[in-house]
Number of protein chains: 2
Amino acid sequence: MSKQNILFIMCDQLRYDYLGCTGHPYIKTPNIDALARRGVNFTNTFCQSPSCGPSRMSTYTGRYVSSHGSSSNWAPLRVGEKNIGHHLNALGMRTVLVGKTHMIADKEGMERLGVDPESFIGVHHSQAGFEAYERDDGVHPDGMVKPDLKYNKYLKSKGYNEDDNPWHWAANSVDTDAGVRSGFFNDKVDLAARVSDEDSETPYMTRRAIDFLTEEGNQEPWLLHLSFIKPHWPYVAPAPYNTMYSSKDIIPAIKSKAELENTNQLFKHFMERVSGKTFAKEVARETVIPTYMGLISQIDDQLGILFDFMDKKGLLDNTLIIFTGDHGDYLGDHWMGDKDYFHDQAVKVPLIIADPSSAADGTRGSKEESLVELIDLLPTFIEYQGGSVARNVLDGCSLLSKIRDKETEGTKWRDYTVSEFDYSCQVFRPKTNKTPLECRSYMVATKEWKYIYAPGFPPVLFDLKNDPNELVDLGQSEQHQDILHLMFSKLAEWSLQYRQRETWSEEHNEHMTGIEEKLGVPIGYWDEASAEGKDPGMLPVRKEKK
Amino acid sequence: MSKQNILFIMCDQLRYDYLGCTGHPYIKTPNIDALARRGVNFTNTFCQSPSCGPSRMSTYTGRYVSSHGSSSNWAPLRVGEKNIGHHLNALGMRTVLVGKTHMIADKEGMERLGVDPESFIGVHHSQAGFEAYERDDGVHPDGMVKPDLKYNKYLKSKGYNEDDNPWHWAANSVDTDAGVRSGFFNDKVDLAARVSDEDSETPYMTRRAIDFLTEEGNQEPWLLHLSFIKPHWPYVAPAPYNTMYSSKDIIPAIKSKAELENTNQLFKHFMERVSGKTFAKEVARETVIPTYMGLISQIDDQLGILFDFMDKKGLLDNTLIIFTGDHGDYLGDHWMGDKDYFHDQAVKVPLIIADPSSAADGTRGSKEESLVELIDLLPTFIEYQGGSVARNVLDGCSLLSKIRDKETEGTKWRDYTVSEFDYSCQVFRPKTNKTPLECRSYMVATKEWKYIYAPGFPPVLFDLKNDPNELVDLGQSEQHQDILHLMFSKLAEWSLQYRQRETWSEEHNEHMTGIEEKLGVPIGYWDEASAEGKDPGMLPVRKEKK
């Protein structure tokens, strides 16, 4: 097998519909669009949680949030979970990181199992199975910035020395007449970042990826996870990206007054967050969204540079390229800001996969409407690298058959997708009177219906065929009781699957059927006659009288 | 706190109703009955799986089978699972084993995490958190007996030298005119075992427990898990226990001809196993059940010896005593042998807890009808030892409040109990056309209804008030659709709980609510005015112009 690589690009908080190839009428993303022409554009892809950490832990383990248990941005991933490195390293593939993972190590678990956090195994766990060529999770406000942040060292080396934390006060702040304004406040983010384009986060990370591709020894196949920090807030873009778009280029908010009446109480809690109040104002949308779009075009420009580099190095011929995001951003739709709830704006992500293999020639430029989940990526990587997908560990399914050999009509694929959100860390939790373990919410979506279930709240139901914008909640509709029950039973069916049998492979289990008798543990036989037809060697026989 | 110990006695395959104190009209269990008079007799206790391994893994982890994932007798318990030792050792309590655990170590997981199987941590995992004073899982047929089995060495030292495996050919075989007959065949188990009472398994294990109690240094508090191998098959009892009971002492089979008509297909698969065919014959019941009863009375006699010893050593005053079983035995009821399905005969277990504390004086000799599960034992031990029960790890609930301070009426307790069975290793699996991961079955039982759900099969429903013997399956009854839906929704509700958040305690999670702002990650603020009332120290402010 000739060496084949994987470039796994993930953006942070990139909405599904903010690319040219996914339908945005004004945004310029020519390089990503070109990638879609070379590959397959998966138009119904959902994250496993509309939140950075849980979504990524699902992506890196190939398992639902309820399976791996890291349901919150702040919850460590269990040390026992198999990650992307465990799966791919065993197949001879390096797994290299440039950018964000949001992985939090399970220190208590490592201590319990005697795993030294500084050992190879400890570091492998702590980096979610990646070699951290450059780890940077983004979002480094003064209260939590690490003193050894490489990007801050870089900025200082480039003369951004005014402050100890140039990530915040140079790359994510703007200059106003009154002084320096943090990008955590959104009122001035139409102004340019205080860093140059060159020194801002996206080009820096892209160069780090190119550094790796330059240095790598061309021996082992690699997966490079280029994990951009943007367009996640703080929404601050360097010139010229802050002025590339204006309020004329933004699409109207998808919302209705009716959403404010008889609102499902959990949805209402989310709406009433600070970000909801901010983005309910048109001025916020007009100020922030052009900058958000600029940050996306900056990523696109950088990908152009990266793809050119790869082309010159001959890497486009043997590298599977994935482009996706971890979750979306409401940006004022449904009276919401940020993410964390289950409208498409938050839970749907772009996904493009460009496979250089000639087996994929038949699908280039096509759109694929199957319901896809981010947990499908790791099985795809495993199959691409020639491995087999362990069904007892991995909840997702390889997408390779959708890229290389279009399924024939009728081939079985999932008919619903599931996403989860743990709201235990939300500021509104005290109002819900729920313990953290009770703060569960689930989305089950088919192509026809989206159902949102959170214990203690009424369900939410959207009719996606007749209400594709998800504006009318049918969760209390008498006429929809049957579909509500059906969707709940899908959720139950999903939940009742075995997802913790990592120690017990399907192949081994197949082999173990009827194992007792093979091992000479015959259960319940009356006598020899009752064992007629059984291998006598497997059965204890009467012994001759001595 | 003065030293307090726990004696945790478990029998293997002991039916709920085969004790004097649980209503058997003929069996003699005076010592267990006396224990019930000193303690609380829990009359509605269910195992988490009617199968040795999964039931015990649930007991030793305090977690449902779907939580810990070891759903089969042959499936290793994940190395990352916290066991009884992790919980109790941290509270200063030794956890010591004499007898069976059925624990299978997760070798692959240990290798992945660099845990040397011979290290303290490796051994601790491999023994389910117990110090193996004497580990003996019983059932050592010639095909799987270990050469270093201590009990075999003991038997050989006592002159049972005819055979390399005296466990089988002395302790679990009988002498007939035609020669030695293995107890794996049931036709002659009314004859005496070829070992003496003294040298048979139950007295041997009891002596080993006494050895430990004699040797232990009286320093640290201990939990001693005396885990008897009997009355599990091979049903062979030494004299005089093989003749203690006769066919006059057995209760009639609980079964009806109607059960053989329109039988639920999954139940039918179980019925049609060898053990079902054997025990459907009255001669099998008449031959085996008196011996089964003799094995129970032998345990009772040995417990009398043990309790006397403890009394003389003053241990009864500071030792919490638990007596229970891992699952039941059909013994011909419902046309079934062995266990593995969900009638009370298989899934209900005896549970007596005798607490020496004066706080428990008010409950001595009482019966407690709450729905209890074996996963409640570990939380009980933790609370007894002064620890707090980690709700994010432990699925069960401490029973101490039911022993020491009877709850006031109306205190919330579970209103349904759940048991699970993975039938992937059953000989009939090929007939079901299911992959191993699909071989799932669940019981949900309230005090009124028992509901059995297995994907791909019709549900089973028993009306426990009107049909306490579970003879009429209402799973297809039109009039019971509402109750069927209700029971399914209970199963769904149970399944949808978070059970994999071991890294994320409830206390820590409480503290993390709204953590972003505390860490200086304010999300979605428009400007200072929008942050009115917030601690300004938590928010990034505009910097003065320099």
Worksheet item: Would a scan of the range B:403-411 turn up a residue that is under 30 Å from A:Glu516 (Cβ atoms), touching a strand residue (DSSP E or B) at 6+ places or on another chain (Cβ under 9 Å) and more than 10 Å from chain A (Cβ to nearest Cβ)?
Response: no
Response to the item:
Flagged in the range B:417-426 as more than 15 Å from A:Gly514 (Cα to Cα) and within 10 Å of chain A (Cβ to nearest Cβ), in numbering order, are B:Glu420
Worksheet item: Among the residues of the range B:125-142 satisfying the criterion of being more than 8 Å from chain A (Cβ to nearest Cβ) and surrounded by fewer than 22 Cβ atoms within 10 Å (Cβ to Cβ), which is nearest to the chain's Cα centre (by Cα)?
Response: B:Asp137
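Yes or no, residue by residue, for (1) touching a residue at least 24 places away in the same chain (Cβ under 8 Å); (2) touching a strand residue (DSSP E or B) at 6+ places or on another chain (Cβ under 9 Å); (3) among the aliphatic types (A, V, I, L, M):
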{"residue": "B:Asp12", "(1), (2), (3)": "yes, yes, no"}
{"residue": "B:Tyr16", "(1), (2), (3)": "yes, yes, no"}
{"residue": "B:Cys21", "(1), (2), (3)": "yes, yes, no"}
{"residue": "B:Ile27", "(1), (2), (3)": "yes, no, yes"}
{"residue": "B:Asn31", "(1), (2), (3)": "yes, no, no"}
{"residue": "B:Phe46", "(1), (2), (3)": "yes, yes, no"}
{"residue": "B:Cys52", "(1), (2), (3)": "yes, yes, no"}
{"residue": "B:Ser55", "(1), (2), (3)": "yes, yes, no"}
Worksheet, complete the sentence: How many residues of the range A:186-222 are in a strand (DSSP E or B) and either on the phi > 0 side of the Ramachandran plot or over 26 Å from the mean Cα position of the chain (by Cα) (or both)? The answer is 1
Practice prompt. Output the residues belonging to the range A:101-111 that are crowded, with 19+ Cβ neighbours inside 10 Å and either more than 24 Å from B:Lys107 (Cα to Cα) or within 9 Å of chain B (Cβ to nearest Cβ) (or both).
Written response: A:Thr101, A:His102, A:Met103, A:Ile104, A:Asp106, A:Gly109, A:Met110
Worksheet item: Going by the structure shown, is B:Ala390 within 14 Å of another protein chain (Cβ to nearest Cβ), within 24 Å of the chain's Cα centre (by Cα), in contact (Cβ under 8 Å) with a residue 12 or more places away in the chain and farther than 30 Å from A:Ala529 by Cβ?
Response: yes
Discussion item. One residue is enough: does the range B:365-383 have a residue meeting the conditions farther than 30 Å from B:Gly69 by Cα, modelled with pLDDT under 95 and either among the hydrophobic types (A, V, I, L, M, F, W, C) or surrounded by fewer than 20 Cβ atoms within 10 Å (Cβ to Cβ) (or both)?
Written reply: no
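Listed here are the residues, each with its yes/no results for (1) more than 14 Å from chain B (Cβ to nearest Cβ); (2) under 19 Å from A:Pro240 (Cα atoms); (3) buried (at least 20 other Cβ atoms within 10 Å of the Cβ).
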site	(1), (2), (3)
A:Asp177	no, no, no
A:Arg181	no, yes, yes
A:Arg194	no, yes, yes
A:Glu201	yes, yes, yes
A:Ala209	yes, no, yes
A:Glu216	yes, no, no
A:Glu220	yes, no, no
Worksheet item: Somewhere in the range B:239-260, is a residue charged (D, E, K, R), touching a strand residue (DSSP E or B) at 6+ places or on another chain (Cβ under 6 Å) and assigned to a loop (DSSP other than H, G, I, E, B)?
Response: no
Discussion item. Taking the condition of being away from every other protein chain (no Cβ under 11 Å) and either of a type in the set (A, V, I, L, M) or out of contact with any helix residue (DSSP H, G or I) (no Cβ under 6 Å at 6 or more places or on another chain) (or both), how many residues in the range B:157-175 meet it?
Written reply: 7
Worksheet item: Counting only residues that are within 14 Å of chain A (Cβ to nearest Cβ) and more than 26 Å from B:Ser424 (Cβ to Cβ), which one in the range B:260-288 is nearest to the chain's Cα centre (by Cα)?
Response: B:Val288
Worksheet item: Restricting the search to the range A:143-174, which residues are surrounded by fewer than 19 Cβ atoms within 10 Å (Cβ to Cβ) and assigned to a helix (DSSP H, G or I)?
Response: A:Lys150, A:Lys153, A:Tyr154, A:Lys156, A:Ser157
Worksheet entry | Residues (more than 23 Å from A:Asp405 (Cα to Cα) and assigned to a loop (DSSP other than H, G, I, E, B)) located in the range A:1-18 | A:Gln13, A:Leu14, A:Arg15, A:Tyr16, A:Asp17, A:Tyr18
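Let's see how each residue does on (1) at pLDDT 95 or above; (2) within 20 Å of B:Leu14 (Cβ to Cβ); (3) in contact with a Pro (Cβ under 8 Å, 6 or more places away or on another chain):
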{"site": "B:Ser227", "(1), (2), (3)": "yes, yes, no"}
{"site": "B:Lys230", "(1), (2), (3)": "yes, yes, no"}
{"site": "B:Ala239", "(1), (2), (3)": "yes, no, no"}
{"site": "B:Tyr245", "(1), (2), (3)": "yes, yes, yes"}
{"site": "B:Lys255", "(1), (2), (3)": "yes, no, no"}
Fill in: Evaluation of A:Cys21 against (1) under 18 Å from the mean Cα position of the chain (by Cα); (2) surrounded by fewer than 24 Cβ atoms within 10 Å (Cβ to Cβ); (3) in a helix (DSSP H, G or I) (one fails), failing number
(1)
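For A:Thr287, are the conditions met, namely being in contact with an Asp or Glu (Cβ under 8 Å, 6 or more places away or on another chain) and in contact (Cβ under 8 Å) with a residue 60 or more places away in the chain?
Values: in contact with an Asp or Glu (Cβ under 8 Å, 6 or more places away or on another chain): yes; in contact (Cβ under 8 Å) with a residue 60 or more places away in the chain: yes.
Taking the combined requirement at face value, the residue satisfies it.
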Discussion item. Any residue that is touching a Phe, Trp or Tyr at 6+ places or on another chain (Cβ under 6 Å), crowded, with 18+ Cβ neighbours inside 10 Å, part of a loop (DSSP other than H, G, I, E, B) and within 14 Å of chain A (Cβ to nearest Cβ) - is there at least one of those in the range B:223-237?
Written reply: yes
Discussion item. For the range A:143-155, give me each residue that is among the basic types (Lys, Arg) and away from chain B (no Cβ under 14 Å).
Written reply: A:Lys150, A:Lys153
Discussion item. Pull out all pairs, ordered by first then second residue, where Cβ-Cβ is under 9 Å, the residues are six or more apart or on different chains, the first lies in the range A:250-275 and is under 24 Å from A:Pro290 (Cα atoms) and in contact (Cβ under 8 Å) with a residue 40 or more places away in the chain, and the second is among the acidic types (Asp, Glu) and loosely packed, with under 15 Cβ neighbours inside 10 Å.
Written reply: A:Ala253/A:Glu282
Worksheet item: So which residues in the range B:175-185 are out of contact with any strand residue (DSSP E or B) (no Cβ under 7 Å at 6 or more places or on another chain) and in a strand (DSSP E or B)?
Response: B:Asp175, B:Thr176
Worksheet entry | Qualifying positions in the range B:26-65 - over 20 Å from B:Ile382 (Cα atoms) and in a loop (DSSP other than H, G, I, E, B) | B:Tyr26, B:Ile27, B:Lys28, B:Thr29, B:Ser49, B:Pro50, B:Ser51
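The values are calculated or read from the model by the stated rules, or taken from the named source; none is laboratory data. Keep in mind that what you see is a predicted model, and the values were worked out from it rather than measured. No Cβ is skipped: glycine too gets one built from the backbone with ideal geometry, and neighbour counts run over all protein chains shown.
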